[in-house]
Amino acid sequence: MSDLKNVQPLSDFNWDEFENGSKANVSKEELEKAYDETLNKVSEHQVVDGKVISIDKKEVVVNIGYKSDGVIPASEFRYNPDLKIGDVVEVYVENQEDKKGQLLLSHKKARLSKSWERVNAALDNEEVIQGYIKCRTKGGMIVDVFGIEAFLPGSQIDVHPIRDYDVFVGKTMEFKVVKINQEFRNVVVSHKALIEAELEAQKKEIISKLEKGQILEGTVKNITSYGVFVDLGGVDGLIHITDLSWGRVSDPHEVVALDQKINVVILDFDDDKKRIALGLKQLTPHPWDALDPNLKVGDHVKGKVVVIADYGAFVEIAPGVEGLIHVSEMSWSQHLRSAQEFMHVGDEVEAVILTLDREERKMSLGIKQLKEDPWETIEVKYPIGSKHTAKVRNFTNFGIFVELEEGVDGLIHISDLSWTKKVKHPSEFTQVGAEIDVVVLEIDKENRRLSLGHKQLEENPWDTYETIYTPGSIHTGKITEIMDKGAVITLNEGGEGFATPKHLVKEDGSQAQPGEELQFKVIEFVKETKRIILSHSRTFEDVKEEPKKAPRAKKAKKEDAPVINNVAAGTTLGDIDALAELKAKMEKGE
């Protein structure tokens, strides 16, 4: 306290200034002027530099040397994730002082005011610039570059095809300006262009060292229906689908996956080394070289049908090892058929090796050999005279081809269809696909064909007809058909006969007509050719001549005998000619 008492007041202290808050000899305007001179002179709507003094998630505080600091939304700095306190940034003064006394600044507007000049300069100078990927759009992405919305095509994001564009949204990346449309102020940027410059050097080095047979590591870049593109480190090569595996490949996805790292061998390339053919299967031994050396003709193998055609099926018995089953080796049947009737792609089959050529890497297989050849013991199952049921396969003019079982065929000749009916074409008798009873007549083992009969299942009625239709006997018959050379007569006791026009004259001189039922005399009967020659006119002519011939019979019995028994003696010259012609035709089977 004593120290305080010894303190003396200042002799020049101005109590008026202290009480009034200012120096008495300095005006308030002078003080404000002195204060303003210590600050930057800032005009609204101009671009100035400022220093970042504070950063948080929502806003960035910038000092531009004004009496108050400006606040800018942090979103305006998304393009620059490396922003830090102390960085100098350009800002646009929107308002020196709002209602709250706050200095309003905008970094985005500051960038936009100079962005067009900057982006053009970046194109001219091939400058690497930073941009913020805002969102996806059709065909690519929208990038914020100096506040301008530039277009980044999908093909210009990377040297590799992009499968997921969304992973790039929100990223800040380096770009090159590749195109500007001055009229519409459109800007196109590329990130790929930066990578390509680096890869070009690598590419030249790789290409200069390429050699056929060289094994390289690559990354699966793209998979197509015809093959796989592999990135060898800036150089692309193609593995054709046939070079992926020794086995058959229907879809390359079965062998490789995208982004998979694989070893490949260089098979070939063009002079400029722009097209490089690669192989994957060549890195493993050929399956034929690893095939069981003990495998031989006659062995049974199992496999899967991988390809099928009309002429046969390819069966894979091991990856890359296939054998052909020709359609003729699928069945003992000799009928032309398609392989699809026996098997389909994907079927697991067992087969017998028929031929094996390791040098040519070819193998033929058969499946019919798994079953016994029915013709080896044909006489046992189908002896001559045995009766069976067959299936009609097809017709010819001379008969019917039938199948008794798979691989056993036979022919029924048209003459062996019926004892009595004259069949002009087999289609009159049966139809394709129908069943028919047969009897084995002959066996042709060498040509693998049976001769069959159908009529032989019944007794031959001509044995009976021989006793009924004796020459000179009279029978009732109906005219069923009339032709130029005569008529066909169906006899009541069975069978058919033939009469020439001369023998169809009735007693009143008129000609017999179809459908008439008349009496007919048998002139000739030949069992071997199944021929019965009839006459209606003889039934009444011979009755009239009998009284004249009777007395002569008593005087010369020897001469008269031929007249009674010889049919030819009672016929005219015209009749003989007609009969001779008819006989010749019937013997030919007409």
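Details
- Computed over the alpha-carbon pairs of segment 232-318, the distance histogram in 5 Å steps reads 3, 11, 17, 18, 16, 13, 10, 7, 4, 2, 0 percent, short to long.
- Alpha carbon Rg of segment 303-445, scaled by the compact-globule rule 2.2 N^0.38 Å: 1.34
- Accessible-area order (highest first, 1.4 angstrom probe) of the listed residues Arg358, Arg531: Arg358, Arg531
- Take the Cβ atoms of Ile384 and Arg337, set R0 to 22 Å, and the FRET efficiency comes out at 0.15.
- Alpha-carbon gyration tensor eigenvalues x 5, square-rooted, for segment 125-281, Å: 35, 18, 12
- Measuring r between the beta carbons of Asn263 and Glu200 and using R0 = 35 Å, the FRET efficiency lands at 0.90.
- Accessible area per residue for segment 409-490, computed on protein heavy atoms with a 1.4 Å probe, is 55 Å².
- The alpha-carbon positions of segment 399-465 define a convex hull whose volume is 87 Å³ per residue.
- Using alpha carbons only: equivalent-ellipsoid semi-axes of segment 268-332, gyration tensor based, whole Å: 33, 18, 8
- A 1.4 Å probe, protein heavy atoms only, puts the accessible area of Asp259 near 90 Å².
- Taking the Kirkwood radius as Rh and the Cα radius of gyration as Rg, segment 392-543 has a ratio of Rg/Rh equal to 1.10.
- Only lysine pairs 8 or more places apart or on separate chains count here, and in segment 44-101 those with Cα atoms under 18 Å apart total 6.
- Cα convex hull of segment 435-519 - mean projected area over all directions, nm²: 8.9
- Within segment 196-258, the ratio Rg/Rh, alpha carbon atoms throughout and Rh by Kirkwood, equals 1.03.
- Ordering Gly486, Pro461, Asn447 by Cα displacement along the dipole of segment 431-487 toward the positive end leaves Gly486 in first place; charges were set at the Cβ atoms of Lys, Arg (+1) and Asp, Glu (-1).
- Taken over the alpha carbons of segment 101-154 as equal point scatterers, the Debye sum produces base-10 log I(q)/I(0) values at 0.30, 0.31 Å⁻¹ of -1.15, -1.17.
- Assigned charges on the beta-carbon of Lys, Arg, Asp, Glu; segment 72-197 dipole about Cα centre (debye): 360
- Spatial extent of segment 52-184: Rg and Dmax, with the Cα atoms as the point set, Å: 16.8, 54
- Pairs spanning more than 28 Å between alpha-carbon atoms, out of Lys134/Lys204; Lys204/Lys261; Lys138/Lys192: Lys134/Lys204.
The values are calculated or read from the model by the stated rules, or taken from the named source; none is laboratory data. Because the structure is a prediction, the values reported are computed rather than measured. Cβ atoms come from the backbone with ideal geometry, glycine included; neighbour counts cover every protein chain shown. Surface accessibility is based on the protein's heavy atoms, side chains included, excluding ligands, DNA and RNA. Shrake-Rupley method; radii C 1.70, N 1.55, O 1.52, S 1.80 Å.
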